[in-house]
Amino acid sequence: MKKHKITAFVKELNVRMKKEPITLRYIHILGTVIFFSSVSSLVILLALYLNQRLQTSLFLVDDLSSNPLTSPSLSLLPPPPPPPPRSSGNDVEEEEVMRRAAMAPRDAMMIGAHPKVAFMFLTRWNLPLSPLWELFFKGHEDFYSIHVHTSPEFTEEPPKSSVFYKKRIPSKAVEWGKSSMMDAERRLLSHALLETSNARFVLLSETCIPLFNFTTIYTYLTRSTRSFLGSFDDPRPMGRGRYTSKMLPHVSLSDWRKGNQWFEVSRRIAAEIVSDRRYYAVFKEHCRPPCYIDEHYLPTLVNKICPEMNSNRSVTWVDWSRGGSHPARFVWKDIRVEFLDGIRFGSNCSYEGDDVTNVCFLFARKFHVSTLEPLMKIAPYLYGI
Ligand SMILES: *[C@@H]1O[C@H](CO)[C@@H](O)[C@H](O)[C@H]1NC(C)=O
Ligand SMILES: *[C@@H]1O[C@H](CO)[C@@H](O)[C@H](O)[C@H]1NC(C)=O
Ligand SMILES: *[C@@H]1O[C@H](CO)[C@@H](O)[C@H](O)[C@H]1NC(C)=O
């Protein structure tokens, strides 16, 4: 009986032993399948993540404002993303800065030092072309100040060695073509005005590049008695057509002007801008899309209060020639010496009265992040270094 049981057990064991390789093989196959599917899902997840990162970084390169100066069909554009509710700016503090800036001296104070140029960057996130700017600023520390307005959600700090380290001012959300954009520009101007050695104020975006070396740009700006704020009377619907008689009696149609958002102003005009409450209130109420406040408020304000102080042209070049609602954006393959020299020397304009010059533009936009590499290669030629 016992013997029989043992034999049966051994037989069963034998059968199992024979079966085992098959089971093992199954386990093996199953293990392989599980292994490969986890690897591939990991790869897919990684790809999704990288794709998102890439999209975000491409998104960064787009200008805050692409307000066309030429297209009437703006309202067809997709609406901008809703602004984040958070803000790093405190209203009371901001009012205080604005108040102090409005009272700041109207002429740059220079006690043995040089007047400075304030470079004000209005960006969404980081500055993708910052290596070019670092090169541009290098060695001119006493002649400039930097002020950066970003999305309040962007809190990344560049390395300590960067010229942009700790240059971010308390910022608030900015909406495309709305008065929050003007608020940001006023915020930048007030912060820059508090530095009393700042004599000239340039507004730049993250897609802007300098076309000349620091010395040339600095001299061009500080020697000019006039500001470089684009201001012209555009009789078309996208110019005068955006005016409303509801602005009367403060702003009449003959006061109405249009111009490139990316301005350069003297300290006197910068102070006028941050002190103005009357006209700003009128514009905030009556200049709403499809009236773009950043294209009309400053050109009209300067035309009203100090027209003789403006050259009425912008020193920031932008290409509207391709038509459409957005100016051309340049990529890697566009960067050639002939193209850049065309912008640098290809126009005629007046500088300081009757002097005609072929250097009309000091900055240009919109340059995609892919242009950084060729621009860095061309930089020794552009900047004479
Ligand atoms: C700019 O335009 C204003 C009128 O809007 C005019 O008074 C002023 O002289 C112009 N500036 C130049 C340099 O032409
Ligand atoms: C600029 O002026 C110069 C000399 O008057 C002329 O030769 C040139 O064609 C002008 N350039 C443009 C772009 O108008
Ligand atoms: C800046 O550029 C000018 C020509 O545009 C050149 O003469 C000058 O030497 C350059 N200055 C520096 C400091 O590189």
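Values in this text are rule-based calculations from the coordinates and carry no lab data. All values reported here derive from a predicted model rather than from experimental measurement. Cβ placement follows ideal geometry from the backbone for every residue including glycine, while neighbour counts extend to all protein chains displayed.
Charge tally for Ser311 (other residues, Cβ to Cβ under 13 Å; Lys, Arg +1; Asp, Glu -1): -1. Taking 0.36 nm per residue of separation and subtracting the current Cα-Cα distance, fully stretching the chain between Arg100 and Leu194 would add 33.1 nm.
Label sites at Thr219 and Asn126, each approximated as a point 7 angstrom past Cα along Cα to Cβ, lie 3.5 nm apart. Applying 1/(1 + (r/R0)^6) with r as the Cβ-Cβ distance of Asp341 and Glu141 and R0 = 30 angstrom yields a FRET efficiency of 0.55.
Listed by Cβ neighbour count within 10 Å, with the fewest neighbours leading, Lys284, Lys116, Lys160, Lys246 appear as Lys160, Lys246, Lys284, Lys116.
With the cut-off at 1.5 for a/c, could you classify the stretch 189-345 from its C-alpha gyration tensor as rounded, prolate or oblate? It is oblate, given that a/c is not under 1.5 and a/b is not larger than b/c. Could you tell me the calculated FRET efficiency between Val92 and Trp320, based on Cβ-Cβ distance and R0 = 41 angstrom, to the nearest 0.05? For Val92 and Trp320, the calculated efficiency is 0.50. Estimated at 0.36 nm per residue, the fully extended path between Ala281 and Thr155 surpasses their Cα-Cα distance by 42.3 nm. Straightening the chain between Met376 and Thr244 buys 42.9 nm, computed as 0.36 nm per residue apart minus the Cα-Cα spacing.
Between the stretch 295-357 and the stretch 214-275, the alpha-carbon centres lie 13 Å apart. Rounded, prolate or oblate: which fits the stretch 102-183, taking a ≥ b ≥ c as square roots of the Cα gyration tensor eigenvalues, rounded meaning a/c under 1.5, else prolate when a/b beats b/c? Note, shape of the stretch 102-183 comes out oblate. My understanding is that a pair violates if its Cα-Cα distance is over 24 Å; which of Lys258/Lys304; Lys138/Lys167; Lys172/Lys304 do that in this structure? Over 24 Å Cα-Cα: Lys172/Lys304.
Within the same chain, aspartates and glutamates fewer than 8 places from Lys160 are excluded, and of the rest, those with a Cα less than 16 Å from its Cα are Glu134, Glu141.
Taking 15 Å as the straight-line reach from the Cα of Lys333, the aspartates and glutamates in range (excluding those fewer than 8 positions away in the same chain) are Glu373. Sorting 358-365, 215-222, 337-344 by their mean Cβ neighbour count within 10 Å, with the most densely packed peptide first, gives 358-365, 215-222, 337-344. Net charge dipole, the stretch 282-357: roughly 420 debye, given to the nearest 20, about the Cα centre with Cβ charges of +1 for Lys and Arg and -1 for Asp and Glu. Going by a ≥ b ≥ c, the root eigenvalues of the Cα gyration tensor, does the stretch 93-242 fall in the rounded group (a/c under 1.5), the prolate group (a/b larger than b/c) or the oblate group? Judged from the Cα gyration tensor, the stretch 93-242 comes out rounded (a/c under 1.5). Take the Cβ-Cβ distance between Val356 and Lys166 as r, set R0 to 35 Å, and report the resulting FRET efficiency rounded to the nearest 0.05. Here the calculated transfer efficiency is 0.25.
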